[in-house]
1. Taking a temperature of 20 °C and a viscosity of 1.002 mPa s, what whole-number D in µm²/s does Stokes-Einstein yield for segment 14-62 with Rh from Kirkwood over alpha carbon pairs?
2. Taking a temperature of 25 °C and a viscosity of 0.890 mPa s, what whole-number D in µm²/s does Stokes-Einstein yield for segment 175-240 with Rh from Kirkwood over alpha carbon pairs?
3. Sort 38-50, 131-143 by the packing proxy (mean of other Cβ within 10 Å over each peptide's residues), most packed first.
4. TYR131: net charge of surrounding residues, Cβ under 14 Å, Lys/Arg +1, Asp/Glu -1, itself excluded?
5. What Kirkwood hydrodynamic radius do you get for segment 49-137 when you take the inverse of the mean 1/r over all pairs of distinct Cα atoms, in Å?
6. Go through LYS8/LYS155; LYS57/LYS232; LYS55/LYS97; LYS78/LYS157 and tell me which ones have a Cα-Cα distance over 22 Å in this structure.
7. Please compute the per residue accessible area over segment 148-240 with all protein chains in place, 1.4 Å probe, rounded to a whole number of Å².
8. Any idea which of ILE226, LEU101, ILE71 is furthest toward the positive side of the dipole for the chain, if Lys and Arg beta-carbons carry +1 and Asp and Glu beta-carbons -1?
Amino acid sequence: MTEMLNFKDVELFYDHVYALKGVSMTMQQGEIVALIGANGAGKSSILRAITGLRKIKSGSISFMGERLDGINAAEIVKKGIAMVPEGRRVFPFMSVKDNLLMGAFTRTDKAEIAATLESILTRFPRLKERYHQQASTLSGGEQQMMVIGRALMAKPKLLLLDEPSLGIAPKLVQDIARSIVAISRDEKVSVLLVEQNSRMALSISKRAYALSTGSIVLSGDSKSLINDDRIKAAYLGAEV
Ligand code: ATP
């Protein structure tokens, strides 16, 4: 397997807050990797560091063998990294169609863009049904599908998902979890999945990293972590 992402000894600060304290992690091509941890553990900061939204203080980040740190966010998108931010940032007064097309802003080939759009609508039939509706009229789960679809319109090699299950009805969480697995398999996209729903994240990922106050405290194969007593106590206790 080819190494896709290498995050080495990364430190990141917000003014006085020491948010990432020497974090190292890797991702192989095609993998789904989960990042779990409580509120404020630093999960979103890892995504911000990868996408160039926040400069790192020290360490290095490489993608497909090339350094990412120091490159601006727009260039990072062009390298094939797409992020679905937390909280479903939709363009509420635009149609589903236009929201999806916004995701293709780095691409120019109209025929290929149309083919990607068609495959997304096949994958998410609810979006096809609501294609001309304003995004604001969609349910939370449908909006989440739409923003995942929008990220896929960029044809990424690496998809970063920040809390896709947050505030979504349990039935739709399952649909979204299944879609993530199918997308990774069919489109050969690697997925870095940030979740507070640790059970869901561990059940669909191959490997996982558990983060606590800016440091990785546990990592390994998701199947073993789901049965690890420390993970059960810290992250799975309150969920059923
Ligand atoms: P959440 O689930 O709430 O998004 P998280 O694990 O993603 O949590 P981060 O958002 O990465 O955590 O935050 C890590 C630390 O950095 C926290 O202590 C947080 O309060 C702090 N932090 C995050 N963003 C900022 C900011 N813009 N300014 C100052 N401190 C911040």
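1. 177 µm²/s
2. Answer from the Stokes-Einstein relation: 196 µm²/s.
3. The densest-packed peptide leads the list: 38-50, 131-143.
4. The answer is +2.
5. Every distinct Cα pair counted, the radius reaches 15.1 Å.
6. Values: LYS8/LYS155 26 Å; LYS57/LYS232 33 Å; LYS55/LYS97 33 Å; LYS78/LYS157 10 Å.
LYS8/LYS155; LYS57/LYS232; LYS55/LYS97, as the Cα separations exceed 22 Å there.
7. Value returned for segment 148-240: 44 Å² of accessible area per residue.
8. LEU101
The values are calculated or read from the model by the stated rules, or taken from the named source; none is laboratory data. Not measured: the values here are computed from a predicted model. Glycine also receives a Cβ, built like all others from the backbone with ideal geometry; neighbour counts cover every protein chain displayed. The area values use the complete protein model at the heavy-atom level, side chains included, leaving out ligands, DNA and RNA. Shrake-Rupley method; radii C 1.70, N 1.55, O 1.52, S 1.80 Å.
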